[in-house]
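What follows is a set of notes on a single structure, which appears directly below.
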Amino acid sequence: MQLVCPAGSLPALKAAVRQGADAVYVGFRDDTNARHFAGLNLNDQQLENGIAHAHQHNTKIYIAVNTYAQPDGWQRWQRAVDQAADLGVDALIAADPGVLAYASKHHPQLNLHLSVQGSATNAAALSFYQDRYNIKRAVLPRVLSLAQVKHVASQSTVPIEVFAFGSLCIMAEGRCHLSSYLTGESPNLCGVCSPAKAVRWSNEEGELTSRLNEVLIDRYSEGESAGYPTLCKGRFMVNGQRFHALEEPTSLDTMDIIPELVKIGVSAVKIEGRQRSPAYVEQVTRVWRAALDSHRQAPERYQVEPIWRQTLAGLSEGSQTTLGAYHRSWQ
Amino acid sequence: MKLSLGPVLFFWERDTLMQFYAEMAEQPLDVIYLGETVCSKRRSLSLDDWLGLARDLQQQSSAQVVLSGLTLVEAASELSSLKRLCQNGDFLVEANDMSAVHYLAEHKVPFVGGPALNIYNGYTLSEFIACGMMRWSPPVECSAQIIAAALNQLDELGVARPEVEVFAYGHLPLAYSARCFTARSENRPKDDCDLCCIKYEEGIPLLSQEGQALFTINGIQTMSAEVNNLLADFPSLAAAGVDIARLSPRAQGMSEVIAAWHKVRQGEPAPLAVQGCNGYWHSRPGMVSVEEVGLC
């Protein structure tokens, strides 16, 4: 089972390579990918250097062109695909059937991975992309239980990649317009969720408040730890109760189910977080490499080391982790 | 401009659904969508019941009847039920997941591409048209500008346009999750939800801590709190290339909503402003009413 790690910069890419990632995924510096954040991602020169560096160390590079092309910007998506092919990346991660069609037609040698943004949650959906675009792998959305992942994997010949660790999308990826409803910018079209430019922090009557396009997402009394106002992780009022009505600030961590994922035949596990620092990438990659190696060497003796858990908890949103949808009771 | 009635997005009792459709059969509608698109546990009507209702409606009304498929398809049972729906042989199907597109394309059956399919540009449109899509209902976050540009792009590609149907009235379906938020709000696990969403005929309002209405909780679906209403924008619908305005069922007053739209399509002037939001249509945040914030 491959370890696929994120990089939003050249130092992060090198950190992932250094710590033993099997593959590193990156994006261009525009809205063609789902982490279109100011100052993030690699320019052309950095990409060339990064790919050469990774390949020298037998690490693969995947490039995400995984937003949905806006009609007026089509050339940007087309150019991104051409550039990825020219750079000699090991795979292109895409979601938009128009983009996949272009890539499979013009660059048949380019490996295509269906992005999580493609929202394929069942074998029939995977068949569509396989038959039509010859995808070589698919990243499953974080909505399936472990039993469902197993079922999909058993019914499909498309190799499966699943999310292993990182920020948790509560909604099916590619199927959430909450961000554009409040701010006008969405993951599908703009590559952002709850964009930083719409965020405003202030102190109101002794409480720290976070707003997104002036909508109150949460308020914190003294001593409470405050998180980034991703809109699905705020505290809202439902039936007169104030609570995290959609999801708590928490991170996904699947280290406990590595043996099951291997048994199911999952091809790769993915770490979320191209927007995170090189230090984050370094630590998460190191811990996950250790866990996967430990399982490979002695599957029957595998257990999660306390130090791994401690390291990951320290890097998690709200310092807590969950098995998310893999564990049915979370749903 | 044609008028369509979207699938009922909420969970209603069987009798409520039957009464609702008996009333809808009398309305000046051109298309009626039937079926469960949100949660497979909602079984007031079985697939056979929906098919029976479809046959009845086709006799009682001149409207075209379309069967809408489930959106988030996870379990094997959901997939096999969707396959049966796609192979019903009699009625047009609205695909809301790529699995449905796969089944329909495989059998070379023309279909409607529902708002839950991510089709945002002309190149992608042409892919779906090649698979048999004859009508496109764009994602609800699409603006008039994106729709018009995607259709122009399709013209440039030399591909004939599909019919275009815009989500013109109702709570906007915004997101789908593995988690049931209605069950969560009642502290129930999803597997023991007791179908509690039956109690909320139009979902549960989700407000900010300042009381601002943001979303509507509807099982695994999250909808807009505001009702999206494009009636005041009627003249611009046709200009953007829209053929059909989709009115999404609400618990009360649907006949009045249809009547208001019908008057305008028959030539009465559109109102200058209506209650609700229309931000998406104007390339703004979806929750905005552009008339209210003085954008037009």
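The values are calculated or read from the model by the stated rules, or taken from the named source; none is laboratory data. Treat the numbers as computed from the prediction; the structure is a model and nothing was measured. Here the Cβ is made from the backbone with ideal geometry for all residues, glycine too, and neighbour counts use every protein chain on show.
One residue alone among A:V287, A:V304, A:V269 is among the β-branched types (V, I, T) and either in a helix (DSSP H, G or I) or touching a Phe, Trp or Tyr at 6+ places or on another chain (Cβ under 6 Å) (or both), and that residue is A:V287. Checking each residue in the range A:40-97 for being touching a residue at least 60 places away in the same chain (Cβ under 8 Å) and more than 24 Å from A:K14 (Cα to Cα) picks out A:T67, A:Y68, A:Q70, A:A95. Pull up the range B:66-94, narrow it to residues that are assigned to a loop (DSSP other than H, G, I, E, B) and either within 25 Å of B:A25 (Cβ to Cβ) or among the acidic types (D, E) (or both), then point me to the one that is farthest from the other protein chains (Cβ to nearest Cβ). Of everything passing the filter in the range B:66-94, B:D90 is farthest from the other protein chains (Cβ to nearest Cβ). B:H102 fulfils the conditions (1) closer than 26 Å to B:R284 by Cα; (2) out of contact with any strand residue (DSSP E or B) (no Cβ under 6 Å at 6 or more places or on another chain); (3) not β-branched (V, I, T) except for a single criterion, (1).
Out of contact with any helix residue (DSSP H, G or I) (no Cβ under 6 Å at 6 or more places or on another chain), among the aliphatic types (A, V, I, L, M) and modelled with pLDDT of 95 or more, is that true of B:A238?
no
The set of residues from the range B:80-97 being buried (at least 24 other Cβ atoms within 10 Å of the Cβ), of a type outside the set (D, E) and within 24 Å of A:K150 (Cβ to Cβ) comprises just one member, B:L82.
The criterion of at least 1 residues that are out of contact with any Ser or Thr (no Cβ under 7 Å at 6 or more places or on another chain) and within 14 Å of chain B (Cβ to nearest Cβ) is met by the following strands (runs of 3 or more DSSP E) wholly inside the range A:48-139: A:112-114, A:137-139. Looking at this structure, is B:Q19 part of a loop (DSSP other than H, G, I, E, B), out of contact with any Gly (no Cβ under 9 Å at 6 or more places or on another chain) and not small (G, A, S)? Answer is no for this residue. Within the range B:40-50, not a single residue is within 25 Å of A:C176 (Cβ to Cβ) and surrounded by 22 or more Cβ atoms within 10 Å (Cβ to Cβ).
Considering the range B:109-127, the residues that are more than 8 Å from chain A (Cβ to nearest Cβ) and of a type outside the set (A, V, I, L, M) include one that is farthest from B:C86 (Cα to Cα), namely B:P115. Checked against the criterion of being under 18 Å from B:N96 (Cβ atoms) and surrounded by fewer than 24 Cβ atoms within 10 Å (Cβ to Cβ), the candidates A:A101, A:A123, A:A91 yield just one match: A:A123. Determine whether the range A:319-329 contains at least one residue that is in a helix (DSSP H, G or I), free of Cβ contacts under 8 Å to residues at least 24 places away in the same chain and within 14 Å of chain B (Cβ to nearest Cβ). Yes; the residues of the range A:319-329 include at least one that is in a helix (DSSP H, G or I), free of Cβ contacts under 8 Å to residues at least 24 places away in the same chain and within 14 Å of chain B (Cβ to nearest Cβ).
Residues in the range A:73-99 that are at pLDDT 95 or above and farther than 28 Å from A:H53 by Cα: A:W74, A:Q75, A:D96, A:P97, A:G98.
Does B:S137 fit the bill of being surrounded by 24 or more Cβ atoms within 10 Å (Cβ to Cβ), away from chain A (no Cβ under 11 Å), among the polar types (S, T, N, Q) and within 29 Å of A:Q130 (Cα to Cα)?
Values: surrounded by 24 or more Cβ atoms within 10 Å (Cβ to Cβ): yes; away from chain A (no Cβ under 11 Å): yes; among the polar types (S, T, N, Q): yes; within 29 Å of A:Q130 (Cα to Cα): yes.
Considered against the rule, which asks whether it is surrounded by 24 or more Cβ atoms within 10 Å (Cβ to Cβ), away from chain A (no Cβ under 11 Å), among the polar types (S, T, N, Q) and within 29 Å of A:Q130 (Cα to Cα), B:S137 comes out as yes.
Residues checked against (1) in contact with a Pro (Cβ under 9 Å, 6 or more places away or on another chain); (2) at pLDDT 95 or above; (3) over 27 Å from B:A175 (Cβ atoms):
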{"residue": "B:S224", "(1), (2), (3)": "yes, yes, no"}
{"residue": "B:Q252", "(1), (2), (3)": "no, yes, no"}
{"residue": "B:V264", "(1), (2), (3)": "yes, yes, yes"}
{"residue": "B:N278", "(1), (2), (3)": "no, yes, no"}
{"residue": "B:V290", "(1), (2), (3)": "no, no, no"}
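Within the range B:170-204, being among the small types (G, A, S), assigned to a strand (DSSP E or B) and within 7 Å of chain A (Cβ to nearest Cβ) holds for B:A175, B:S177.
Considering the range B:60-98, the residues that are polar (S, T, N, Q) and within 20 Å of B:V8 (Cβ to Cβ) include one that is farthest from the chain's Cα centre (by Cα), namely B:Q60.
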